[in-house]
């Protein structure tokens, strides 16, 4: 089905997920299937990022969060890590102007102290240049893992308690969420994982407690706006109860 038809169905159904998160998986397998180096799969993945952003804009999604680089990825061969950082800088140089014109506001979330100086400069550039975009908030999760985010938030809460700034009875979900990287954002309504794998891979463990999951068989470099639209249509068919039951 063409993207225009899928988009029309989405609009007719009417219930658009406000926040969509994507675990972008399959770059290495995509490259291996074509007898190409892993870096070629990562580079092709930039096209899928563009497709996802433009699809989100078309569908009226307000927030798109992409899991771009986990803290575990630092353990990969140095050559691959350097290639990934280089691709992040390439993405910034090629896409920033278009993102600004499209009304996308980019935020880069994670342990950014781990980034090298040139990559840090690129991150600062894209966030500054796109600040104020009103049509889509794009979160790029870099050097991120869900467990470390939770531990980091706990440490902040403990420091507040030790200083007398936080009483035990004030320690609740709202105060804890304010210490997360995603502070101020609604939890994802829909999480998509590509490549057919059915696991969270340490991504947004707190935030996805009631998120609808969609597993797409397509490898990330081949992910298109049509795949995003199919995931949204799948979401629109779900009955979201948040642990409650309907009586009647």
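Coordinate-derived values only; no laboratory data. Remember, predicted model here, so these are calculated numbers, not experimental data. We place every Cβ from the backbone using ideal geometry, glycine too, and count neighbours over all the protein chains shown.
Data overview
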{"item": "Amide N proximity, region 164-206 versus residue 127 label position 7 Å along Cα-to-Cβ, cut-off under 12 Å", "result": "181-182"}
{"item": "The chain: relative contact order in percent, alpha carbon pairs under 8 Å with at least 6 residues between", "result": "30 percent"}
{"item": "By average C-beta atoms within 10 angstrom, highest first, the peptides 189-195, 114-120", "result": "189-195, 114-120"}
{"item": "Expected 222 nm ellipticity per residue - DSSP helices of 4 or more, -39500 (n - 2.57), all of the chain, to 500", "result": "-14500 deg cm²/dmol"}
{"item": "Matching label, percent of Cα pairs over 29 Å apart computed from the structure shown, candidates (i) 25; (ii) 45; (iii) 32", "result": "(iii)"}
{"item": "Centroid-to-centroid separation of region 1-65 and region 162-226 [C-alpha atoms, Å]", "result": "18 Å"}
